Every structure is written in structure tokens, then in C-alpha cells.
Amino acid sequence: MNEIEFAARHEEEWKALAKGVDSRAAGDVREVPRLFRRAVAELAVARDRQYRTSLLDRLHSLVLTAHFALHGARAGTRRGAIAALWHFFVNDFPLEARRQRRYLLAAGVLFFGPFLGMIAALQWFPDFVYYLVSPETVASFEEMYDPSAGRVGVPRGVDTDVAMFGFYIANNVRIDLQCLAGGILFGLGTLAALLGNGLFIGAIAGHLTNVGYVETFWGFVAGHSALELMGAVLSGASGLRIGYALVAPGRASRGAALRAAAVEAAPLLYGAALMTTCAAVIEAFWSSRTGIPFFSKVVFGLFMWAVVLGVLGFGGRCGS
């Protein structure tokens, strides 16, 4: 489909969206959310096909106007900001994640493949952990998850929940930035970050499981694992999107392809940042508590996995 056919096919939808936004004061808003989501998708298609700047500017202006009309009316209030954030997480973000599912699936395989493979391998070859992790690092993790510890998963020198939150979010952000920034190296840095972190985390998890720290380790990671690990995968998907744009820019220059890829990767990165922050909160204020039964932590962790996968798989489907 060429540019003229594309514009003619969607012209009535764009006019209806503009009319719906202008008539919000009269209460005519039923079709605006659906038309807005379609316009966002059509803008992405137009950018991908490198249509004329005039068409891109028109669509971009329409999408921005509709976005602020739908989500920005109460942006100056706390309630409006929370509503907009919630709408993004359960609607806009999963729609964009599914649209870019090939990058998300690739990042998931690159991370979870080594992670799960290493856990399984160390149950048969326990000494292999020392080929990937230094004995000093292994010993420090054993100390952190020792069942006799007052609080598990707590690094030395961190003795308050607030300090733990700062430590955990800094660590999570470091991993996410590795996965994202590596995309600028034609995706090779992202590949290395996903594989490397998958191997390292899998090696630690496999070793602690093998030495019998099942309840302390898995009880600690269960609650926040879905948010933290999927945050890393989403950051990796953003990095792969950027890397692919540099490897195969199509008819555009690499600079233009990079800018377009950054716009498309942004929603995935926003979702990853939200997940990483929530993971750090759970990690600091819930996961380290030894008084909470192991069974309760596992059930909560399974619930969080169901929520995260449910949002990614089904969020935003109503009305689309």
C-alpha cells in the first residue's frame, strides 16, 4: 500500500478522532479511545514505511492532541496522574509490547534460556559455578541467604528498608541500562548483557538451590522476580529494537532509523522502569522478611507472574 492509498483508507478515522476530541465537552467520547489506539498504530506504520514528513507531522499532532485530551485533563492532580499511569500500564504499554513481540520474544529467549539452563546444569555439575563466578562472590551470596540470617538477601552495610530499596533499585537499573544501551553497538551489547546476566543469575540460583538454601533464596526472589526479570527482558527488547534499526535501516539513514526506533522502544522502556521500581519496593519491604511463611511468598510470587503475563498478553484488548 502506497502513501496515498494509506491516507485515503484511514482519512475518515482521523477525521472522526479529531471530531471526537473536539466534542469531548459535549460527552461524545465513546469512540475516541478506540480511534486513538488505531491512530497510534497507524503512526507507527507510517514511520516504519518512511512516508512523507507532512503526513507524519499530521498524524503525530493528532495523536498528541488525543492523548492529552484523554489522559491529560487532570494531569495537574495526583488522581489524574495515577489514572494516566494506570491506563498506560494496562492498555498502551501491553499493546505496544505485543506489537513489538518479536524483539520481546528474542530478548526473553536470550535471557531465560541461559538462566533456566544454568539452574538445571548445576544440579548435576555443582562445581561448574566456579567457572562463571568467583569463589568470593559465591561465598558472599551464601552469607546473604544463610537460613540463620536475620534478614535474607541483605548486603553487608545495608541495615534499613529504605537503604535496601536504594541498593536494589540501583542494581536493577544498572542491569536494565546494560540491556538497553548495548543496542547502540548494533545490538551486540544487548546480546552480551542478556546472555551474561542470564548466566550469572542462573548460576547463583542454581548454586544456592544445590546447597539447600531453597526456602531462603526462592522465598526471597519469588515476590519480585516477575517484575524484576521481565523489566530486564523489556529493556533488552528495547536494545534489540535499536540495534536492528542500525543493522537494517532500510531506505532511511541510520540516524533517522535510530530516531524512529528510539520512539518505538520508549514505551517498552517506560514499562520496564515501572516494573523495576515496583520490584525494588517489594524486594526491600516484603521479600527480605523471614517472618513471612515460605508458602505465602511463593503464592504471592506466582500471583505476580500471572499479573505480569496477563497484562502483557491481554492488556488493552477491550475496545481494540
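The values are calculated or read from the model by the stated rules, or taken from the named source; none is laboratory data. None of these values were measured; they are calculated from a predicted model. With ideal geometry, Cβ positions are generated from the backbone for all residues, glycine too; neighbour counts draw on all protein chains shown. Side chains included, ligands, DNA and RNA excluded: accessible areas come from the protein's heavy atoms. Shrake-Rupley method; radii C 1.70, N 1.55, O 1.52, S 1.80 Å.
Between residue 5 and residue 60, the C-beta separation translates, for a Förster distance of 22 Å, into a calculated FRET efficiency of about 0.65. Peptides 304-314, 184-194 ranked from most to least packed give 184-194, 304-314, packing being the mean of other C-beta atoms within 10 angstrom over each peptide's residues.
So if a site counts as exposed when it's one of the trypsin sites (Lys or Arg not before Pro), its DSSP state isn't H, G, I, E or B, and it has at most 15 other Cβ atoms within 10 Å, what's the longest stretch of the chain without one? No qualifying site falls inside 157-250, the longest such stretch.
Here r is the Cβ-Cβ distance between residue 285 and residue 67 and R0 is 56 Å; the resulting FRET efficiency, rounded to 0.05, is 0.95. Take the Cα of residue 259, step 7 Å toward its Cβ, do the same at residue 48, and the gap between the two points is 2.1 nm. Specify the angular offset, from 0 to 90 degrees and rounded to the nearest 10, of the alpha carbon long axis of helix 78-87 from the longest principal axis of the alpha carbons in the chain. Helix 78-87 sits roughly 90 degrees off the main axis of the chain. Could you tell me how far the Cα centroid of the stretch 86-118 sits from the Cα centroid of the stretch 239-259, in Å? If you average the Cα positions of each part, the centres end up 20 Å apart. Simple rule: put +1 on each Lys or Arg Cβ and -1 on each Asp or Glu Cβ in the stretch 187-320, find the dipole, and look at 226, 267, 196; the Cα lying farthest toward the positive end is 267.
For the pair residue 38 and residue 294 in one chain, pulling the backbone fully straight at 0.36 nm per residue adds 87.7 nm over the alpha carbon distance. Based on C-alpha pairs under 8 angstrom that are at least 6 apart in sequence, the chain has a relative contact order of 23 percent. Under 18 Å from a label point set 7 Å out along the Cα-to-Cβ vector of residue 127, the amide N atoms of the stretch 191-218 belong to 207-208, 210-211.
Protein heavy-atom surface of the chain, 1.4 angstrom probe: 65% of the accessible area is carbon and sulfur, with nucleic acids and ligands not counted.
Going by alpha carbons, how many degrees (0 to 90, nearest 10) lie between the helix axis of 135-144 and the longest principal axis of the chain? It is inclined by approximately 80 degrees.
Helix-derived [θ] at 222 nm for the chain: sum -39500 (n - 2.57) over DSSP H runs of at least 4, divide by residue count, nearest 500?
Numbers: 12 runs with 235 residues, N = 320.
My calculation for the chain gives -25000 deg cm²/dmol from helical runs alone.
Angle of helix 254-282 to the longest C-alpha principal axis of the chain, folded into 0 to 90 degrees and rounded to 10: 50°.
Take every pair of alpha-carbon atoms less than 8 Å apart whose residues are at least six positions apart; their mean separation over the length of the stretch 165-250 yields a relative contact order of 48 percent. Ordering 279-288, 130-139, 86-95 by mean Cβ neighbour count within 10 Å, with the highest value first, yields 279-288, 86-95, 130-139.
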